1. Please state the charge dipole magnitude for the chain, taken about the Cα centre, from unit charges on C-beta atoms (+1 on K and R, -1 on D and E), reported in debye and rounded to the nearest 20.
2. Among LEU111, ALA135, PRO196, whose Cα projects farthest towards the positive end of the dipole of the chain, with charges put on the beta-carbon of Lys, Arg (+1) and Asp, Glu (-1)?
3. Could you give the angle, 0 to 90 degrees to the nearest 10, between helix 149-158's Cα long axis and the longest principal axis of the Cα atoms of the chain?
4. In terms of the Cα gyration tensor, with a ≥ b ≥ c the square roots of its eigenvalues, is region 148-201 rounded because a/c is under 1.5, prolate because a/b exceeds b/c, or oblate?
5. So which residue, out of VAL80, VAL153, VAL195, gets the largest mean-square fluctuation from a GNM of the chain using Cα contacts under 10 Å as springs?
6. For region 4-227, build the charge dipole from Cβ charges (+1 Lys, Arg; -1 Asp, Glu) around the Cα centre, then report which of SER53, VAL161, LEU72 sits farthest towards its positive end.
7. Peptides 120-132, 41-53: what's the order by average Cβ count within 10 Å, highest mean first?
8. State the label only: which of (1) 16.1, 46; (2) 18.2, 56; (3) 17.5, 57 corresponds to Rg and Dmax of the Cα atoms in Å computed from the shown model?
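Nothing in this text is a laboratory measurement; each read-out follows from the coordinates by a stated rule. Just so we're clear, the structure is a prediction, and the values are computed from it rather than from any experiment. Methodologically, a virtual Cβ is constructed for each residue, glycine included, from the backbone with ideal geometry; neighbour enumeration extends over all protein chains shown.
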Amino acid sequence: MRKHLTMAAIIAVSLLNMTVAATAGCAADQHGALICGEGRDAARVFAETISPSKKFAFGWRTANGLPAGRELPSAEIENVLIRLDDGVVLAKLGGQYWATGEMVANRYQQLAVWSPDSRAVVEVANSRWDTEAFAYYVIDGDEVTKVDLLALVSPAIRANVSASRRESYSFRVLKDPGLTLDARGRLRFEASLYVPKADTSRDYGIALDITAKRGEASARIVSVQKVTIDPRL
């Protein structure tokens, strides 16, 4: 049976400070991936996250710079939003995914869901069991405004589980099916609330409305619909 819920929870957010680093633009490395900036400011672009306009992408960097060859990263990973024409980092993201061209972060998933006009993007950062970062970013020149969608959606979905069992469930935003963002700020996706290594899960199709204006943004849950999701996803 399908259950429809309508919620008016709204989270207001403040403007992110732009991170400006010394940069020499972006150039391809030996694996064909773009490297933006130089030295310790260098960030490696995830090709699969490049915007439809080809102007923006997600990438990663560390305080010690990018590793060479088959070396592992030697400092904490920072995922960032990059403007590709000059290599400037516009914002720090919530994920910690990395890929060197020879190795990648184990059991980690980084998704970028762009609006058709490339003015906004949704970040989904999944670890083995949980969604660790789920946020909306709207780009206006050098300024980026963020809405923390995880802080909005996860508590609302967990409310369907008894309080005594709530923390035993993991919350995960799924890549497929139906993770879409339109030009009006309507985000549709599916998510699971489940117990790791168990057959217990509660699956939902969710729609959000996100608005951004004058450096401020907010999101509200429009609908939550109970669905059945292929366990292989």
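1. Here the chain has a charge dipole of around 960 debye.
2. PRO196
3. Approximately 30 degrees, to the nearest ten.
4. Taking the square roots of the gyration eigenvalues as a ≥ b ≥ c, region 148-201 is oblate.
5. Maximum among the listed residues: VAL195.
6. Of SER53, VAL161, LEU72, it is VAL161.
7. The peptides rank, most packed first, as 120-132, 41-53.
8. Of the labelled values, this structure produces (2).
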